[in-house]
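Colleague: Following this message is one structure expressed as structure tokens.
The values are calculated or read from the model by the stated rules, or taken from the named source; none is laboratory data. Since the model is a prediction, treat every value here as computed from it, not as a measurement. Cβ coordinates were reconstructed from backbone atoms using ideal geometry, including for glycine residues, and neighbour counts include every protein chain displayed. Quick note on the areas: whole protein, heavy atoms, side chains included, nothing else; ligands and nucleic acids left out. Shrake-Rupley method; radii C 1.70, N 1.55, O 1.52, S 1.80 Å.
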Amino acid sequence: MPPAAQLRGVSKRFGSFVALDAIDLAVSPGEIRGFLGPNGAGKTTAMRILVGLLRADGGEVSLLGGDPWSRPQVRTELGFLPSDPGLYGRMRGRDLLDHFAALSERPPVLREAACAHLRMTDEDLARPVRTYSKGMRQKLGVLQAVQHDPALLILDEPGEGLDPLVMSGLLALLRDRRDAGRAILFSSHVLAEVEALCDTVTMIRDGAIVGAGTIGEIAQRRSRQVVVEVADPVAAIELPGCELVDRAGGRATFSHYGELGPLLTALAALAPRDVRIQEASLDEVFMEYYGEAAP
Amino acid sequence: MSGPLIRRLIAEQRVRMPLEFLLIGAWGFLLVAVFATSEVFTAQLEAQANEFGDLLDLVGIDPLAQWASVGFEHPIFLLGGGLFSVGLAVRAISGELEAGSLALALARPLSRGRWFASHLAVLVPGCLLLGEAYALGCLLAIGVTDPMGEIAPWTMLVAGAQGGLLLLALGGLGFLFSAFASERGRALAWSVGVIVVLYAASFLLPLWKPIAGLAQATPFAFFDPAPLLQRGEVAWGDIAVLALYALAPLSAAAVRFARRDLAGG
């Protein structure tokens, strides 16, 4: 099945600043792809190129089978939430949703269900948007993107300002859409959200993709923490694929990369008192990719 | 054009537009009413009528028509109309971009050309309506106060349309700066600055002979309703130039908007 949205070798410069450097990114129907990166990494630029708000300097852009820059009609099946959506404050919530549904040229078939997931009541929608709190505005922003049940959702930090209850409703809504075959590209700074929701992740840094795959694959490519406790505190411990991080008495902490098999064999031969092996969490992976020590 | 977008733009104007219409209409009414009720004017006119009546008739100078035409070129008319035309123009692109609402609208099957055309569909009749507001205000005052002198209603209405064309030209400048800027304030500052300079130039440049011809570079030089109101002469050449003044920046703005990156908001 062809991707619902795809960037191939896409570059973008703003003056001398390289915002994107030949990046590849794709999201397919039935997939939720997390898009991770620190502030200024290029996430928003990539998303705006996909939507057709920015023109790529090089590479190929495809949105629902067409070029979003030259063929606006392909955006009929798109739902987009920018990072800071501007909502007309004088309009009532319902009027605003009606307006955007009319611009989408699609009926808001999913509005009721989405309102239920996001705990948005009829009374809320009857109020002028200017009276909304930040969280309410964000909910309205999500609603305008999903209400017409588009084939592709591009959401730039949709969880911003949402309380945990509404956030869990949003995650459930997005899972529903994924299960219904919709493609979702989702950026967030809250890694727990990405870990809980996304099937695949693309990581970007300084305008270049530094990692992509399933969350499990990405974590596997990064280090595990191995803590070994042995009876003899002076004996040297050497383990395959491991780098010593810390040693105190008979207890040593290592970073391990690669296959587990040889490590387990070596550990068994060592007859340790205790062993703990921890997978890197997405949080740790993120820090490894983007922390000061990152390559 | 996009129906839903035009409906939203009209809804946004539902309070502002009638107020501007009333302001400009009141300005026209007030001007003629002052002319009709001022003892100084009346005394002067009676004296002129006695001494030069035949001569004034011969050259076609009607003090009321002259007075009414001054109101068209007065900053109050330009301010009232400019609030609408320049205000709509700077909000259309830079304002919506800055607010973040442009990204939401253009992430839909709505081309930039349709976005632009929809704004024009509101701007053009709005400018004409405000031009006619002044004409209607004057005509109402003429009917109510019965001043000395005459203005044919059709000349007033044509002059109103011409005034609307001038407002459209000012709106065109607003669109041009809006298409280049990413902040509404910047677009507004440039628009107002350039319009004020052009307005001042249309008055000041003719005072210095070597550069007097440059005054013809401003749109204000092509808006003089006096001959129309006094003698019923429609200045088709001026109307064509004013239309060009409106078309040129609007076309440039449309091209720029279609090609630019929308990175803000």
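Colleague: What FRET efficiency comes out for the pair B:Ala117/B:Ala243, r = Cβ-Cβ distance, R0 = 25 Å, nearest 0.05?
Modeller: The pair B:Ala117/B:Ala243 has a calculated efficiency of 0.90.
Colleague: Taking θ as phi - 60°, what are the ³J(HN,Hα) couplings along segment A:207-217 by the Karplus curve (6.51, -1.76, 1.60), each to the nearest whole Hz, with x for Gly and Pro?
Modeller: x, 10, 6, 10, x, 7, x, 6, 4, x, 4
Colleague: Sticking with this one: When the expected Rg is taken as 2.2 N^0.38 Å, what fraction or multiple of it is the alpha-carbon Rg of chain A?
Modeller: With N residues counted in chain A, Rg over 2.2 N^0.38 Å equals 1.20.
Colleague: Using the basic label-point model (7 angstrom from Cα toward the beta carbon), what is the B:Val194 to A:Val109 distance in nanometres?
Modeller: Each label point lies 7 Å from its Cα, and together they span 4.7 nm.
Colleague: Taking R0 as 60 Å, what's the FRET efficiency between A:Glu60 and B:Val34 from their Cβ-Cβ distance, rounded to 0.05?
Modeller: The computed FRET efficiency comes out at 0.30.
Colleague: Given labels modelled 7 Å from the Cα in the Cβ direction, how far is it in nm from A:Val275 to B:Ala252?
Modeller: Distance between the two pseudo-spin positions: 7.5 nm.
Colleague: Now for a different question. Which residue fluctuates most in the GNM of chain A (Cα springs below 10 Å): A:Ala271, A:Ala56, A:Ala19?
Modeller: Most flexible of the set in this elastic network: A:Ala271.
Colleague: Suppose the Debye formula is applied to equal point scatterers at every Cα of segment A:22-177; what is log10 I(q)/I(0) at q = 0.08, 0.10 Å⁻¹?
Modeller: Once normalised to I(0) and log-transformed, intensities are -0.23, -0.36.
Colleague: A further question follows. What does the charge dipole of the protein assembly as shown about its Cα centre add up to, to the nearest 20 debye, if the Cβ of each Lys and Arg holds +1 and the Cβ of each Asp and Glu holds -1?
Modeller: Numbers: 47 positive and 58 negative charges, 165 e Å.
Value, rounded to 20: 800 debye.
Colleague: Would you check the accessible area of B:Val255, probe 1.4 Å, heavy atoms only, in square angstrom rounded to 10?
Modeller: 70 Å²
Colleague: Relative contact order for chain A: what percent, with Cα pairs under 8 Å and sequence separation of 6 or more?
Modeller: 20 percent
Colleague: Around B:Ala221, what is the net charge, scoring Lys/Arg as +1 and Asp/Glu as -1 over all other residues with Cβ under 12 Å from its Cβ?
Modeller: -3
Colleague: Can I ask one more? Return the whole-Å distance between the Cα centroid of segment A:121-170 and the Cα centroid of segment B:95-132.
Modeller: 25 Å
Colleague: A further question follows. Let me check I've understood the local charge: for A:Ile32, count other residues with C-beta under 13 angstrom from its C-beta, Lys and Arg +1, Asp and Glu -1. What total comes out?
Modeller: Once all neighbours under 13 Å are counted, the net charge is -1.
Colleague: Within a Cβ distance under 11 Å of A:Ala172, other residues only, what is the Lys/Arg minus Asp/Glu net charge?
Modeller: Charge balance near A:Ala172 sits at +1.
Colleague: Considering all alpha-carbon pairs of segment A:132-287, what whole percent are spaced by more than 18 angstrom?
Modeller: 66 percent
Colleague: Something else now. Put B:Phe203, A:Phe35 in order of accessible area, largest first, 1.4 Å probe: what do you get?
Modeller: Largest accessible area first, the residues go B:Phe203, A:Phe35.
Colleague: Label A:Ala266 and A:Ala180 with points 7 Å out from Cα along Cα→Cβ: what is the distance between them in nm?
Modeller: The two pseudo-label positions are separated by 5.1 nm.
Colleague: For A:Thr265, B:Thr155, give the ranking by accessible area with the largest first, probe 1.4 Å.
Modeller: Ranking A:Thr265, B:Thr155 by accessible area, largest first, yields A:Thr265, B:Thr155.
Colleague: Follow-up question, since we're still on this one. Whole number please: convex hull volume per residue, Cα atoms of chain B, in Å³. Before the final figure, lay out the partial values.
Modeller: Values: hull volume 35.9 nm³, N = 265.
In chain B, the Cα convex hull volume per residue is 135 Å³.
Colleague: Here's a follow-up. What is the helix-to-structure angle for B:236-259, meaning the angle in degrees between its Cα long axis and the longest Cα principal axis of chain B, kept from 0 to 90 and rounded to the nearest 10?
Modeller: 10 degrees
Colleague: Ignoring everything except DSSP H segments at least 4 long, calculate the 222 nm mean residue ellipticity for chain B; use -39,500 (n - 2.57) per segment, divide by total residues, nearest 500. Each step should come with its number before you reach the end.
Modeller: Values: 12 runs with 203 residues, N = 265.
About -25500 deg cm²/dmol.
Colleague: Then there is this: Just name one of A:Leu54, A:Val227, A:Leu191: the one whose Cα is farthest towards the positive end of the charge dipole of chain A (beta-carbon charges, Lys/Arg +1, Asp/Glu -1).
Modeller: A:Leu54
Colleague: Throw me the Rg/Rh for the protein assembly as shown, computed over C-alpha atoms with Kirkwood Rh, two decimals.
Modeller: Checking Rg against Rh, the ratio lands at 1.19.
Colleague: Can you pull the three principal axis extents for the Cα set of segment B:155-265, in Å, largest first?
Modeller: Extents along the principal axes: 53, 33, 19 Å.
Colleague: Which FRET efficiency, nearest 0.05, do A:Ser70 and B:Leu140 yield, Cβ-Cβ r, R0 41 Å?
Modeller: Calculated value: 0.20.
Colleague: Ok, one more. Roughly how far apart, in whole Å, are the Cα centres of segment A:20-48 and segment A:237-272?
Modeller: When both Cα centres are located, 36 Å separates them.
Colleague: Please give the Cα centre distance for segment B:9-26 versus segment B:197-226, rounded to the nearest Å.
Modeller: 30 Å
Colleague: Can I ask one more? Using alpha-carbon pairs under 8 Å, 6+ residues apart, how would you state the relative contact order of chain B in percent?
Modeller: In percent, rounded to a whole number, it is 28.
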